[in-house]
Amino acid sequence: MASEYDPAEFVDSDFQAARKAPFSGTVAAASSRAPSRDEVDSKVGETQQKLAELKRVQEELERERAGLEETRRRQIEFQTGRQETVQNLTRGVGLLEEAEFAARRDAEQMAKSLADMRAALGKVEITNEAAWNKENFQVELTRALAVIENARMEWNSARLKFPVLAGAPKTEASQPAEPVHSAPPSLAGLGFGQLCKLGLAFTWPLLLALVGIAITLAVVLQPAAAPHH
(Lines give C-alpha, C1' and ligand atoms only; values in the text may rest on other atoms or scores of the structure.)
Protein backbone atom coordinates (compact mmCIF):
# COMPACT_ATOMS: atom_id res chain seq x y z
CA MET A 1 0.00 0.00 0.00
CA ALA A 2 1.43 3.48 -0.99
CA SER A 3 2.16 6.04 1.78
CA GLU A 4 0.16 9.29 2.08
CA TYR A 5 1.25 12.39 0.08
CA ASP A 6 3.33 14.93 2.06
CA PRO A 7 3.79 18.35 0.34
CA ALA A 8 6.77 19.19 2.55
CA GLU A 9 8.87 16.48 0.81
CA PHE A 10 8.94 18.55 -2.43
CA VAL A 11 9.90 21.94 -0.77
CA ASP A 12 13.58 22.87 -0.77
CA SER A 13 14.13 24.61 2.53
CA ASP A 14 17.58 25.90 1.62
CA PHE A 15 16.26 27.54 -1.54
CA GLN A 16 13.46 29.24 0.32
CA ALA A 17 15.83 30.60 2.97
CA ALA A 18 18.14 31.96 0.26
CA ARG A 19 15.25 33.77 -1.41
CA LYS A 20 14.12 35.49 1.82
CA ALA A 21 17.51 36.45 3.12
CA PRO A 22 18.31 39.38 0.72
CA PHE A 23 14.96 41.19 1.32
CA SER A 24 15.05 40.86 5.08
CA GLY A 25 18.53 42.23 5.17
CA THR A 26 17.57 45.23 3.06
CA VAL A 27 14.58 46.04 5.31
CA ALA A 28 16.71 45.73 8.43
CA ALA A 29 19.36 47.99 6.94
CA ALA A 30 16.78 50.63 5.90
CA SER A 31 15.12 50.67 9.32
CA SER A 32 18.36 51.12 11.21
CA ARG A 33 19.80 53.80 8.90
CA ALA A 34 19.92 57.40 10.25
CA PRO A 35 17.69 59.89 8.37
CA SER A 36 19.41 62.24 6.02
CA ARG A 37 19.28 66.06 6.17
CA ASP A 38 16.98 66.19 3.18
CA GLU A 39 14.62 63.78 4.84
CA VAL A 40 14.66 65.82 8.06
CA ASP A 41 14.08 69.07 6.13
CA SER A 42 11.24 67.43 4.30
CA LYS A 43 9.72 66.23 7.58
CA VAL A 44 10.11 69.72 9.10
CA GLY A 45 8.37 71.29 6.11
CA GLU A 46 5.53 68.80 6.28
CA THR A 47 5.17 69.41 10.02
CA GLN A 48 5.12 73.19 9.53
CA GLN A 49 2.49 72.84 6.82
CA LYS A 50 0.38 70.66 9.12
CA LEU A 51 0.79 73.20 11.95
CA ALA A 52 -0.19 76.07 9.64
CA GLU A 53 -3.24 74.13 8.48
CA LEU A 54 -4.17 73.31 12.06
CA LYS A 55 -3.76 76.98 13.04
CA ARG A 56 -5.97 78.06 10.14
CA VAL A 57 -8.60 75.50 11.13
CA GLN A 58 -8.34 76.66 14.76
CA GLU A 59 -8.86 80.30 13.74
CA GLU A 60 -11.89 79.36 11.67
CA LEU A 61 -13.29 77.37 14.59
CA GLU A 62 -12.67 80.31 16.94
CA ARG A 63 -14.52 82.66 14.58
CA GLU A 64 -17.35 80.17 14.27
CA ARG A 65 -17.49 79.78 18.05
CA ALA A 66 -17.56 83.57 18.53
CA GLY A 67 -20.39 83.86 16.01
CA LEU A 68 -22.35 81.13 17.77
CA GLU A 69 -21.80 82.79 21.14
CA GLU A 70 -23.09 86.10 19.76
CA THR A 71 -26.11 84.37 18.23
CA ARG A 72 -26.87 82.64 21.53
CA ARG A 73 -26.54 85.94 23.42
CA ARG A 74 -28.93 87.67 21.03
CA GLN A 75 -31.41 84.79 21.26
CA ILE A 76 -31.34 84.97 25.07
CA GLU A 77 -31.76 88.76 24.90
CA PHE A 78 -34.70 88.36 22.50
CA GLN A 79 -36.45 85.76 24.62
CA THR A 80 -35.89 87.69 27.86
CA GLY A 81 -36.91 91.00 26.31
CA ARG A 82 -40.01 89.53 24.72
CA GLN A 83 -41.14 87.95 27.98
CA GLU A 84 -40.52 91.15 29.94
CA THR A 85 -42.20 93.30 27.30
CA VAL A 86 -45.25 91.04 27.12
CA GLN A 87 -45.61 91.11 30.90
CA ASN A 88 -45.22 94.89 31.11
CA LEU A 89 -47.57 95.60 28.21
CA THR A 90 -50.20 93.15 29.47
CA ARG A 91 -50.12 94.73 32.92
CA GLY A 92 -50.11 98.24 31.43
CA VAL A 93 -53.07 97.50 29.17
CA GLY A 94 -55.06 96.17 32.12
CA LEU A 95 -54.24 99.16 34.31
CA LEU A 96 -54.99 101.69 31.57
CA GLU A 97 -58.26 99.99 30.69
CA GLU A 98 -59.33 100.15 34.32
CA ALA A 99 -58.18 103.77 34.59
CA GLU A 100 -59.95 104.66 31.34
CA PHE A 101 -63.18 103.08 32.56
CA ALA A 102 -62.94 104.95 35.88
CA ALA A 103 -62.12 108.21 34.08
CA ARG A 104 -65.03 107.78 31.68
CA ARG A 105 -67.37 107.03 34.58
CA ASP A 106 -66.11 110.05 36.51
CA ALA A 107 -66.42 112.22 33.40
CA GLU A 108 -70.02 111.13 32.94
CA GLN A 109 -70.80 111.90 36.58
CA MET A 110 -69.03 115.25 36.28
CA ALA A 111 -70.96 116.12 33.10
CA LYS A 112 -74.25 115.28 34.81
CA SER A 113 -73.35 117.34 37.88
CA LEU A 114 -72.22 120.19 35.67
CA ALA A 115 -75.53 120.18 33.80
CA ASP A 116 -77.49 120.11 37.07
CA MET A 117 -75.42 122.98 38.51
CA ARG A 118 -75.90 125.06 35.37
CA ALA A 119 -79.65 124.45 35.50
CA ALA A 120 -79.75 125.42 39.18
CA LEU A 121 -77.65 128.52 38.46
CA GLY A 122 -80.01 129.53 35.68
CA LYS A 123 -83.02 129.22 37.95
CA VAL A 124 -81.35 131.34 40.63
CA GLU A 125 -80.29 134.01 38.14
CA ILE A 126 -83.76 134.39 36.60
CA THR A 127 -85.34 134.99 40.00
CA ASN A 128 -86.40 138.66 39.86
CA GLU A 129 -87.33 140.07 43.24
CA ALA A 130 -88.27 143.42 41.68
CA ALA A 131 -91.18 141.81 39.85
CA TRP A 132 -92.87 140.69 43.05
CA ASN A 133 -95.92 142.53 44.37
CA LYS A 134 -98.14 142.30 47.42
CA GLU A 135 -100.42 139.72 45.86
CA ASN A 136 -97.74 137.20 44.85
CA PHE A 137 -95.07 138.08 47.38
CA GLN A 138 -95.53 135.04 49.63
CA VAL A 139 -95.80 132.61 46.72
CA GLU A 140 -92.77 134.02 44.90
CA LEU A 141 -90.77 134.13 48.10
CA THR A 142 -91.57 130.49 48.84
CA ARG A 143 -90.74 129.55 45.25
CA ALA A 144 -87.47 131.48 45.41
CA LEU A 145 -86.49 129.80 48.66
CA ALA A 146 -87.15 126.40 47.07
CA VAL A 147 -84.94 127.34 44.13
CA ILE A 148 -82.17 128.46 46.49
CA GLU A 149 -82.41 125.26 48.53
CA ASN A 150 -82.34 123.16 45.38
CA ALA A 151 -79.25 125.00 44.15
CA ARG A 152 -77.61 124.56 47.56
CA MET A 153 -78.34 120.84 47.41
CA GLU A 154 -76.75 120.58 43.97
CA TRP A 155 -73.69 122.42 45.24
CA ASN A 156 -73.27 120.24 48.32
CA SER A 157 -73.76 117.07 46.29
CA ALA A 158 -71.13 118.18 43.77
CA ARG A 159 -68.69 119.06 46.57
CA LEU A 160 -68.99 115.56 48.00
CA LYS A 161 -68.34 113.97 44.60
CA PHE A 162 -65.53 116.25 43.39
CA PRO A 163 -62.90 117.36 45.94
CA VAL A 164 -61.71 120.12 43.60
CA LEU A 165 -64.84 122.10 44.51
CA ALA A 166 -63.86 121.94 48.17
CA GLY A 167 -60.46 123.52 47.49
CA ALA A 168 -58.48 120.26 47.57
CA PRO A 169 -54.86 120.33 46.30
CA LYS A 170 -54.26 119.58 42.62
CA THR A 171 -52.63 116.27 43.41
CA GLU A 172 -55.80 115.10 45.07
CA ALA A 173 -58.07 116.71 42.50
CA SER A 174 -56.24 114.99 39.65
CA GLN A 175 -57.03 111.61 41.10
CA PRO A 176 -60.28 109.94 40.03
CA ALA A 177 -63.14 110.74 42.35
CA GLU A 178 -64.30 107.95 44.56
CA PRO A 179 -67.55 106.40 43.34
CA VAL A 180 -70.68 107.23 45.26
CA HIS A 181 -71.28 103.58 46.09
CA SER A 182 -67.91 103.13 47.77
CA ALA A 183 -67.79 101.99 51.39
CA PRO A 184 -68.86 104.90 53.65
CA PRO A 185 -66.54 105.98 56.49
CA SER A 186 -67.35 105.06 60.04
CA LEU A 187 -69.82 107.46 61.69
CA ALA A 188 -67.84 107.26 64.91
CA GLY A 189 -64.96 109.20 63.36
CA LEU A 190 -67.11 112.08 62.04
CA GLY A 191 -67.53 115.42 63.73
CA PHE A 192 -70.77 117.15 64.63
CA GLY A 193 -70.70 119.33 61.52
CA GLN A 194 -70.17 116.37 59.23
CA LEU A 195 -72.98 114.47 60.91
CA CYS A 196 -75.27 117.48 60.36
CA LYS A 197 -74.34 117.57 56.69
CA LEU A 198 -75.07 113.87 56.33
CA GLY A 199 -78.42 114.29 58.08
CA LEU A 200 -79.31 117.17 55.77
CA ALA A 201 -78.32 115.12 52.73
CA PHE A 202 -80.49 112.21 53.86
CA THR A 203 -83.52 114.31 54.76
CA TRP A 204 -83.28 116.80 51.92
CA PRO A 205 -85.58 114.91 49.47
CA LEU A 206 -88.29 114.85 52.14
CA LEU A 207 -87.86 118.56 52.89
CA LEU A 208 -87.97 119.39 49.21
CA ALA A 209 -91.17 117.41 48.81
CA LEU A 210 -92.74 119.24 51.74
CA VAL A 211 -91.72 122.61 50.29
CA GLY A 212 -93.25 121.65 46.96
CA ILE A 213 -96.47 120.63 48.64
CA ALA A 214 -96.55 123.89 50.56
CA ILE A 215 -96.06 125.91 47.36
CA THR A 216 -98.80 123.98 45.62
CA LEU A 217 -101.20 124.49 48.50
CA ALA A 218 -100.38 128.19 48.65
CA VAL A 219 -101.01 128.64 44.94
CA VAL A 220 -104.26 126.68 45.06
CA LEU A 221 -105.66 128.22 48.25
CA GLN A 222 -104.72 131.84 47.60
CA PRO A 223 -107.46 132.54 44.99
CA ALA A 224 -110.05 130.92 47.20
CA ALA A 225 -109.05 133.01 50.21
CA ALA A 226 -109.01 136.32 48.32
CA PRO A 227 -112.86 137.01 48.30
CA HIS A 228 -113.05 136.86 52.12
CA HIS A 229 -110.85 139.95 52.31
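The values are calculated or read from the model by the stated rules, or taken from the named source; none is laboratory data. Remember, predicted model here, so these are calculated numbers, not experimental data. Note: ideal-geometry Cβ built from the backbone for every residue, glycine included; neighbour counts use all protein chains shown.
Remark: pairs (first residue in the stretch 151-165, free of Cβ contacts under 8 Å to residues at least 40 places away in the same chain and closer than 17 Å to residue 122 by Cα; second residue part of a helix (DSSP H, G or I) and not hydroxyl-bearing (Ser, Thr, Tyr); Cβ separation under 6 Å; 6+ apart in sequence or on different chains) = 151/120; 151/124. When the residues of the stretch 117-164 are filtered to those that are of a type in the set (Val, Ile, Thr) and assigned to a helix (DSSP H, G or I), which remaining residue is modelled with the lowest pLDDT? The selected residue is 164. If you go through the stretch 105-143 and keep only what is small (Gly, Ala, Ser) and either exposed (fewer than 14 other Cβ atoms within 10 Å of the Cβ) or over 23 Å from residue 165 (Cβ atoms) (or both), you end up with 107, 111, 115, 119, 122, 130, 131.
Looking at this structure, is residue 146 among the aliphatic types (A, V, I, L, M), touching a residue at least 60 places away in the same chain (Cβ under 8 Å), surrounded by 10 or more Cβ atoms within 10 Å (Cβ to Cβ) and under 30 Å from residue 165 (Cα atoms)?
In short, yes.
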